[in-house]
Amino acid sequence: TLDSKQRKLQPGTLMICDAEKPVAIAGVMGGENSEINSKTKNLLIESAYFNPTSIRRTSRALGLSTDASYRFERGTDPSNTLYAAQKAAHLISELGFGKIANGHIDVYPNKISPRIIDFRINSVERILGYKVASDRIIKILSSLGFEVNEKLEDYLKVAVPSFRPDIEREIDIIEEIARIHGYDNIPTISKISVTLQKRVDETEFEDRVRNIANSLGFYEMINNPLVNLKMTSWGQHPIRILNPQNMDMEYLRNSLLPSALSVIARNINSSEKDLRLFEIGKIFYKTTQNQLTSFSDFIESQKLLFIITGNVNLKEWYSNERFCDFFDLKGDINSFLSQISLDYSANDSYYHEGNNLFEYRLTKSIDNKVLGEGGKVKKEVLQEFGIEQDVFAFEFDVSSLINVEKKSKRFTEPSKFPKIRRDFAFVLDKNITVDRIINHIKNKSSNLLTSVKLFDVYEGEAFGSGKRSLAFALEYSSTERTLKEIEVEQDFTSLIKSISETFNAVLRGI
């Protein structure tokens with residue numbers, strides 16, 4: 001090329017060639033073999049229009065940005081090529097004493113038709129806030145080189161001139177009208193009526209989340225939303241961008257977790273193994289595997305990720321070191337929800353079977369709407385990032401946290417009367433979640449039941465394959481009177497029968 005460098009071309013690169021060899025990279029840079037020097041006598045002037053996308057792709061692939069590529073990749077006037085060549089020839093003849101040969105060759109195999117925009121006249125008033133007469137609109141457009149092909153009462157068909165590739169939509173034409181009509185002609189409005197509505201400021205909520213996370217001992221990380229193909233392996237259908245800067249920034253991320261694991265891997269390699277991190281960021285994914293054709297074909301959502309790994313307690317003279325576990329993660333999540341007044345509303349669901357990311361997991365939900373999920377990251381996933389220690393993560397959907405109805409905390413006076421406690425244990429299928437059992441107990445018991453807690457989980461060969469034992473503690477009380485043993489016993493016996501029949505469970509100890 002003209003900068004005296006050899007360049008390796010990618011397949012599909014558009015070239016300008018003579019009958020024997022290439023002489024230029026089209027729209028980017030000419031070749032050294034066709035460079036003008038002091039001995040040049042004859043010139044061939046070539047004036048062309050190139051597809052902007054093709055030139056941009058070639059320029060990025062070669063890492064070569066020139067004045068030519070800057071212009072061509074932004075769009076030039078395809079109807080101006082002959083005039084430009086004639087103007088160049090005239091200047092050479094006038095200033096360089098050259099002689100212009102007769103004739104020219106004009107090749108235009110695929111003629112580019114002018115862009116036609118359907119323009120609604122009333123859109124001017126709707127966007128700008130004041131009315132411009134239709135005759136004035138047509139006069140402005142004509143003075144700028146636009147053609148009005150069809151005129152109806154409130155509708156125009158406008159042909160965009162070829163030298164204005166920046167005009168693509170109706171709003172672009174309105175901007176031109178406002179510019180020529182004059183910004184100083186925009187009328188001043190002395191009074192304006194505004195209807196105030198309650199709205200949630202997402203930025204304010206995110207700042208609050210950051211403050212809470214920091215108070216819980218988490219440090220914020222900010223990762224690039226552009227990732228490589230490998231980083232999209234654990235999320236839903238990824239979206240590839242059309243002109244990536246490089247292969248490591250080819251896709252929009254469809255999960256926050258892979259980027260977070262990369263951060264953890266880099267820190268571990270730097271001997272920082274005890275980490276508590278969080279990130280607020282957007283993820284993107286297609287609703288199907290098909291190509292994107294409209295905005296409804298993909299989802300963009302804001303997520304909040306908490307991730308922990310390493311020691312909770314370091315080894316001291318008074319204590320041993322302790323590695324973080326699932327319950328540390330759960331405690332952090334509950335503390336976070338408590339700070340935003342959702343801890344009393346959220347329900348827990350535990351799943352011993354994992355998914356493509358977690359060995360086992362926990363979900364938080366309110367009124368059957370999932371707020372987020374997390375658990376222990378699978379070892380196979382960690383191995384992809386070279387991580388050998390356990391990692392625990394939980395991801396919230398931010399819009400769900402914002403939109404859920406907050407329940408205010410209220411003080412309840414402690415009961416003056418004694419409580420009665422009962423407990424039972426059942427052997428049942430492992431695929432029956434604790435959450436289902438607790439909800440069943442609450443729904444089937446009387447209003448005397450004030451508390452249900454799981455206090456033991458046991459699995460053993462004696463129960464058989466796919467079985468486990470769950471033990472629950474129940475607490476009965478009243479704020480008005482002392483309970484009788486018989487009424488508690490009736491409710492307790494009824495619950496045992498209901499659980500046994502509903503879940504095909506066997507009461508232990510019988």
Relative contact order (percent, whole number), segment 358-397, Cα cutoff 8 Å, 6+ residue spacing: 38 percent
Chain lengthening between Asp154 and Thr479 when straightened (0.36 nm per residue, less Cα-Cα): 109.8 nm
Relative contact order for the chain, counting Cα pairs under 8 Å that sit 6 or more residues apart, in percent: 7 percent
Rounded FRET efficiency, nearest 0.05, which uses the C-beta distance separating Thr287 from Ala471 and R0 of 45 Å: 0.55
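If I take every Cα pair under 8 Å that is 6 or more residues apart in segment 116-185, average their sequence separation and divide by the length, what percent do I get for the relative contact order?
Averaging sequence separation for qualifying contacts and normalising by length gives 37 percent for segment 116-185.
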Segment 420-507 - Rg (one decimal) and Dmax (whole number), Cα, Å: 13.6, 47
Selection of GluC sites (Glu not before Pro), segment 386-478, meeting DSSP coil and at most 13 other Cβ within 10 Å: Glu388, Glu405, Glu459
Theoretical gain in end-to-end length, Asp435 to Asn80 [0.36 nm per residue, Cα-Cα removed]: 120.6 nm
Cleavage-rule hits, trypsin sites (Lys or Arg not before Pro), segment 381-471, DSSP coil, Cβ neighbours within 10 Å at most 15: Lys406, Lys407, Lys409, Arg410, Lys416, Lys419, Lys430
Principal axis dimensions, largest first and in whole angstrom, of the chain by Cα: 116, 62, 46
Cβ-derived FRET efficiency at R0 51 Å, Lys131 paired with Leu9, nearest 0.05: 0.35
C-alpha center-to-center spacing [segment 413-453, segment 277-295] in angstrom: 41 Å
Residue order, fewest to most surrounding Cβ atoms within 10 angstrom, among Phe358, Phe323: Phe323, Phe358
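Throughout, read-outs are computed from the coordinates displayed, never taken from laboratory work. All figures in this text were calculated on a predicted structure; none of them were measured in a lab. When we count neighbours, we look across all protein chains shown, and the Cβ atoms used for this are built from the backbone with ideal geometry, even at glycine.
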